[in-house]
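The values are calculated or read from the model by the stated rules, or taken from the named source; none is laboratory data. What you are looking at is a predicted structure, and each value in this text was computed from that prediction instead of being measured. Neighbour counts are summed over all protein chains in view; Cβ atoms, including those assigned to glycine, are modelled from backbone coordinates with ideal geometry. When the accessible area is computed, the model is the full protein with side chains, heavy atoms only, and any ligands, DNA or RNA have been set aside. Shrake-Rupley method; radii C 1.70, N 1.55, O 1.52, S 1.80 Å.
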Amino acid sequence: MIGGSSVRGVLNAILGWVSSEMGWGYMWIYVINFAFFVFLIVTKYGGIKLGDKDEKPAYGNFQWGAMVFATAIDASILMLSMVDPLRYIQDPPFGAKPYSEEAYGLAHMLGQYNWGPMAWMMFAAPTIAIGYILYVKKIKVQSLSDAIIMLDGDKPWQSILKTVVNILVVLGIMGGVGASVGLEIPIISKVLSSLTGIPDNLLLKMVLFAILFVIFTFTVFKGLKGGIDKLSNMHIWTALIFLAIVLAIGPTVYILNSETNSIGLLIQKFIPLSTNTIPNGTPDTTQQETIFYWGWWLSYMPFMGLFIARISRGRTIRQIVLGMLTYGALGCMSFYAILGGYSLWLQRTGTLNLIHILNTQGQSAVIAAVLSTLPLKFIMFALYCISCFIFLATTISSSAYVLSSFTSLPLARGEQPSRANRMTWVVIFIIFSFSLVMVGGFETIQTFCTLAGFPLMFVVPFIIYSIWKMLRNDESIKTMKVKRSEWREVKRQNRINRKKITVERRNAVDGDLILSPDDQNHDSNQK
């Protein structure tokens, strides 16, 4: 809260440096992680179960998917999915002309890339590492460092590095989740002001923080069962209802046509976007946005890994990763397809000049303007605000739950962190988020997200290495190798035996003919 505009200036300069000088690092770590998990799910390793051989999943598919999606995705997707496409139209990639038909097509697709498969696969690394140790090795895991096998020991350097990793994880979660609330509260405040006529001032924001605190307190006290799981279900249904209404009453054909085109563009541009570092020029909007999102997803990675692992007992690696892509990636892409498509349609048809509103009044005004075009405006405003609150409450409650686990004394199997510990983190989140609101500015939030994930970029390779080493030595894989070895040995012996019982027919007209001894005796009798 101290520093104001001077802090914003420093942070914006840091963001520019990270985007231009370290963009390659973010790109490579995501590419390597994505390729590794594609390899796992299409090979024998994907069939490894995180649990006992005959164990069934602890949660049904929909309940599991709802918790995964609701925890990872906060209210920012309800906001940014309307605004991001407007930024891309003004500065499109691949040499497209601003405001052209090509720019509109790329603008609809780019948000889906930043929230799609590449992003969601980043959660797989900590999830599989932690889940394997928890449910296969039967070893307690309270923090991400417990899943890095080279840190498993009592040597001084291992203890130091474990502490460093745990600190980076806490800072990453603080930065990512705090930045989310700092981004979303001003927008919710603006929307509520438009709906009710209440002045959009500091008092309204403080009231919103107080409401969030009450919701967080209730959910955190309830824990996973009866709290976070029920909130996740509410989250999913309110989001689906809101999207369905916009799709039904909006330009349905335009949105469906745009999404069909975007799927083709995403496939076509996937590799160029994944390696878009622009070495011979200044970073464009597309690259800066991708680096921002890659940092944000990295900051969520540790707590999402521990959270998803804890609810994934009894699932195979393939089921978990494909579930993330189904519920997570496709869910996020649906928001950009529908809400982003609606914003682009309003701009393209001249219904609203949303780009002018964005450049002069900011993204809060854009969202209020978009919502004001929907029929039953008051109902849609209310549904939107309720959805935002549930999104925020789910994410921060889960974050507090995981961080309290990180910072607890050793917990017994199945034991939850103390409520006092959980509540402490809720209070810290509220204070930190309020500080970001006071500093203000979307660029400031972008910088916090990007920098929060930056140190964790160097942790990911160690997690991937740990997973590979554990899976290669998995008992089911060893058994499979033994069976295949025995099968190959049987085939080899059969080939040897066949060679022993065959003879060469010397009177063959056209070269050598291999016959069995019975065939040879038969020929002699005929003669």
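Below, the figures for the structure above:
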item	result
Distant-in-sequence amide H partners of T316 (H built 1.01 Å from N, under 5 Å)	L50
Surface per residue (accessible, 1.4 Å probe) for the stretch 136-196, Å²	41 Å²
Length released on extending from T196 to W237, taking residue separation times 0.36 nm less the Cα-Cα span	12.3 nm
Spin-label proximity, K469 to the stretch 133-167 - amide N less than 12 Å from point 7 Å beyond Cα toward beta carbon	147-153
Stretchable slack from E101 to S476, in nm (0.36 nm times residue separation minus alpha-carbon distance)	129.7 nm
Calculated FRET efficiency for the pair T326/W17, C-beta based, R₀ 45 Å, to 0.05	0.75
Largest-first principal axis extents, alpha carbons of the stretch 319-394, Å	44, 25, 23
Computed Rg/Rh of the stretch 52-185, alpha carbon atoms with Kirkwood Rh	1.09
Equivalent ellipsoid semi-axes - Cα gyration tensor, the stretch 27-77, angstrom	23, 23, 7
Heavy-atom accessible area order for T395, T351, T43, largest first, 1.4 Å probe	T351, T43, T395
Length gained when the stretch S418-I167 is fully extended (0.36 nm per residue, less Cα-Cα span)	88.3 nm
